[in-house]
2 protein chains.
Amino acid sequence: MAKTQIGIASWYGAREAGHKTASGTIFDPSYPTAAHRTLPLGTCVRVTDLRNSRFVIVPVTDRGPYIPGRLIDLSENAAQTLDMKTSGLARVRVDVVSSCLSYVKSRPPTRPELS
Amino acid sequence: MAKTQIGIASWYGAREAGHKTASGTIFDPSYPTAAHRTLPLGTCVRVTDLRNSRFVIVPVTDRGPYIPGRLIDLSENAAQTLDMKTSGLARVRVDVVSSCLSYVKSRPPTRPELS
């Protein structure tokens, strides 16, 4: 895919907490991560809210979102950083920053007490 | 400097909120950023807490810390992600991920209401 994509972000939180992500880590909504359908797991992306210019850099640890027209799903923590928790959806730009796959595999970004 | 450094991280928060950072942005402790003495402003670094393996990816927006033996100062938000707010200090690894300088300059990572 292109290095930059523009689309709609949503977020996921408590309901999915403790579930295993596609990358094998345990989902922790208090940690900044994201789900994307096609980017390699472990890619680091910068997600910019085009309304307020806030951005967050997160590893893609999970697959989704599967709703048509939805580009990326952010963890609750990342959504909070963008100030989009209340609105629920935000128009964002997603830029690939680097790969951090080996990192994600060797050190899962999860709270130890959840794994 | 080397692409990877190991040292002690501290964090800064409410007392510095609203102050102008070395990169020209307004410091917002609720946003994930960092201060480092020598890395180019706008560099994105992955900061890993070596005790619990949690990591956060943040842009270097500020200069400091100036206390000897201290490697990096994290915003309160980033410290929260690493679970080091209570301990105050943490032994961390800092890896350079990429440059996001042009980005930081054009879109300051600040809450609009603070700037």
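The values are calculated or read from the model by the stated rules, or taken from the named source; none is laboratory data. Worth saying up front: this structure is predicted, and the values here are computed from it rather than measured. Glycine gets a Cβ as well: all are built from the backbone with ideal geometry, and neighbour counts include every protein chain shown. Accessible surface is based on the protein model in full, side chains and every heavy atom, while ligands, DNA and RNA are left aside. Shrake-Rupley method; radii C 1.70, N 1.55, O 1.52, S 1.80 Å.
What to note about this one:
- Just one of (1) assigned to a loop (DSSP other than H, G, I, E, B); (2) within 13 Å of A:D73 (Cα to Cα) fails for A:G24. It is (2).
- Among the residues listed as A:T86, A:T33, A:T61, A:T48, the single one being more than 9 Å from the chain's Cα centre (by Cα) and either crowded, with 24+ Cβ neighbours inside 10 Å or under 27 Å from B:G42 (Cβ atoms) (or both): A:T48
- In the range B:48-59, the residues that are facing chain A (nearest Cβ under 7 Å) reach residues that are of a type in the set (D, E) and part of a loop (DSSP other than H, G, I, E, B) with C-beta atoms within less than 9 angstrom, at least six apart or across chains, in these pairs: B:N52/B:D83; B:R54/B:D83.
- Subset of the range A:6-26 that is of a type in the set (A, V, I, L, M, F, W, C) and more than 14 Å from chain B (Cβ to nearest Cβ) - its residue that is most open to solvent (accessible area, probe 1.4 Å): A:I6
- Of all residues making up the range A:24-37, the number that are more than 18 Å from B:T81 (Cβ to Cβ) and modelled with pLDDT under 95: 1
- With respect to the conditions (1) at pLDDT below 95; (2) more than 11 Å from chain B (Cβ to nearest Cβ); (3) under 20 Å from B:P59 (Cβ atoms), A:V92 falls short on a single one, namely (1).
- Qualifying residues in the range A:66-78 (those that are crowded, with 18+ Cβ neighbours inside 10 Å and farther than 15 Å from A:R15 by Cα) - the one farthest from the other protein chains (Cβ to nearest Cβ): A:L71
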